[in-house]
Amino acid sequence: MWLSRLDGVGFKRIHMLLEHFGSGEAVWKAEPEELKKVPGLPEKILHTLLSSRDEAILNDWIIELEEKDIQFYSYWHPSYPRLLREIYNPPVGIYVRGTLPEEGIETVAIIGARKCSRYGAGVAYDLAKDLGKTNVIVVSGMAKGIDSEAHKGILDGGGRTIAVLGCGLDICYPKENENLMERIVANGCVLSEYPPGTPAVPKNFPYRNRIISGLSRMLIVVEAGKRSGTLITADLALENGRDVFVVPGNVTSALSYGTNALIKQGCPIITEGNDILQELGIAYREKEKQAFQQKVAMSLDFEEKEVYTQIPEDIPIDAEALCRKLHKNIQEVQYILSLLELSGYIKKIPYAGYIRES
């Protein structure tokens with residue numbers, strides 16, 4: 001965290017210092033002569049490293065994070081998002097309020113114009129709300145307009161969301177989103193590379209945008225004008241190998257100039273939530289699951305179905321618990337469990353019990 005807050009040092013030099021010394025603590029304790037041996041370290045950076053060593057300030061930072069319930073994760077921390085590590089210029093560290101999602105959960109960015117149309121706001125909200133019924137997480141920037149509607153939609157749909165801010169996490173920008181920010185913290189997280197107290201100044205937002213695209217497997221642009229920060233985010237996403245999708249807009253609207261230009265460049269069109277799920281492969285998996293359930297319904301007799309419906313998909317249940325639930329004797333239940341297992345409808349977890357196959 002100390003290294004990440006130093007002006008002018010940057011990710012590459014920090015990485016070089018950590019490789020050379022082995023840890024941030026070792027860099028902190030290194031003598032001037034040792035630092036001078038680091039290849040390519042300018043005198044100005046050497047002076048910055050030596051003059052910034054103030055343990056009282058470090059302790060103040062730690063106390064501040066604890067008081068404001070903010071976590072710091074460096075690039076090398078196991079909780080740092082894997083997708084974000086893959087981008088060209090990842091942040092050295094991120095500050096987080098709330099809970100980062102587990103690895104493996106799909107993340108989709110929904111972004112667009114601040115001064116959006118009623119059409120754009122409605123589409124962003126509806127797309128996100130549809131995703132809220134699944135396990136997909138929506139990433140956006142909590143700005144006015146499309147961003148805010150995307151956050152509200154996913155939350156109203158019962159899902160989780162990540163807001164990436166261009167200021168410290170103890171500052172709500174825009175101010176009117178205070179209630180929304182607290183909802184996001186309770187159902188996901190707010191995230192920033194800027195330490196607490198950093199104001200929301202214009203120069204921060206282009207850098208913020210690379211994190212929005214970096215956290216997401218795919219990016220959806222709802223509305224964007226001719227010269228728009230949204231288009232910068234789309235370019236960053238494409239540069240980092242992310243898929244960019246576009247909601248088509250009215251060809252006579254200035255707010256649709258950017259989105260329609262992206263379509264001309266070959267970005268695929270999104271018109272409903274199911275389009276997103278299909279691109280992620282989730283809709284296909286849902287169809288497979290439905291087909292399996294239909295197969296179960298058609299091929300099992302009454303007693304087998306009775307046992308099968310009591311077996312969870314995720315938490316194993318043992319034969320004795322099934323006996324108590326169904327008021328059946330153990331021999332009868334064990335026999336049916338054996339048939340279901342042989343037929344591939346359930347599987348046995350050693351020392352735990354049975355769960356459904358899917």
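Y95 versus (1) in contact with a Lys or Arg (Cβ under 9 Å, 6 or more places away or on another chain); (2) under 15 Å from P196 (Cβ atoms); (3) not in a helix (DSSP H, G or I): which is the lone unmet condition?
(1)
Pick from the range 192-232 the residues that are in contact (Cβ under 8 Å) with a residue 40 or more places away in the chain, polar (S, T, N, Q) and in a loop (DSSP other than H, G, I, E, B): which of them is surrounded by the fewest Cβ atoms within 10 Å (Cβ to Cβ)?
S228
I'd like to check something: does the range 314-330 contain any residue that is farther than 27 Å from I282 by Cα, assigned to a strand (DSSP E or B) and of a type in the set (G, A, S)?
There is no residue in the range 314-330 that is farther than 27 Å from I282 by Cα, assigned to a strand (DSSP E or B) and of a type in the set (G, A, S).
Out of the helices (runs of 4 or more DSSP H) lying entirely within the range 1-89, which hold 3 or more residues that are out of contact with any Gly (no Cβ under 9 Å at 6 or more places or on another chain)?
10-21, 24-29, 32-36, 43-51, 55-67
Just the residues that are within 40 Å of the chain's Cα centre (by Cα) and surrounded by 11 or more Cβ atoms within 10 Å (Cβ to Cβ), please, taken from the range 321-342.
A321, L322, K325, L337, L340, E341
Here are some conditions: (1) surrounded by fewer than 18 Cβ atoms within 10 Å (Cβ to Cβ); (2) under 15 Å from the mean Cα position of the chain (by Cα); (3) small (G, A, S). G40 meets all but one. Which one does it not meet?
Of everything listed in (1) surrounded by fewer than 18 Cβ atoms within 10 Å (Cβ to Cβ); (2) under 15 Å from the mean Cα position of the chain (by Cα); (3) small (G, A, S), G40 misses just condition (2).
Which residue pairs have Cβ atoms closer than 7 Å, lie 6 or more positions apart in sequence or on different chains, and pair a first residue in the range 39-55 that is of a type outside the set (S, T, N, Q) with a second residue that is surrounded by 10 or more Cβ atoms within 10 Å (Cβ to Cβ) and assigned to a helix (DSSP H, G or I)?
L41/L35; I45/R13; L46/L35; L46/K36; L49/L35; L50/P32; R53/W28
Check A113, A150 and return the single one that is touching a helix residue (DSSP H, G or I) at 6+ places or on another chain (Cβ under 6 Å), more than 30 Å from W2 (Cα to Cα) and not in a loop (DSSP other than H, G, I, E, B).
Only one candidate passes the filter, namely A150.
Kindly provide the set of residues from the range 153-191 that are in a loop (DSSP other than H, G, I, E, B) and basic (K, R), ordered by number.
Hit for the range 153-191 is R160, nothing else.
Every number here is computed from the coordinates shown, using simple stated rules; none is lab data. Nothing here was measured: the structure is a model prediction, and the numbers come from that model. For neighbour counting, all protein chains shown are included, and Cβ atoms are generated from backbone atoms with ideal geometry for every residue, glycine included.
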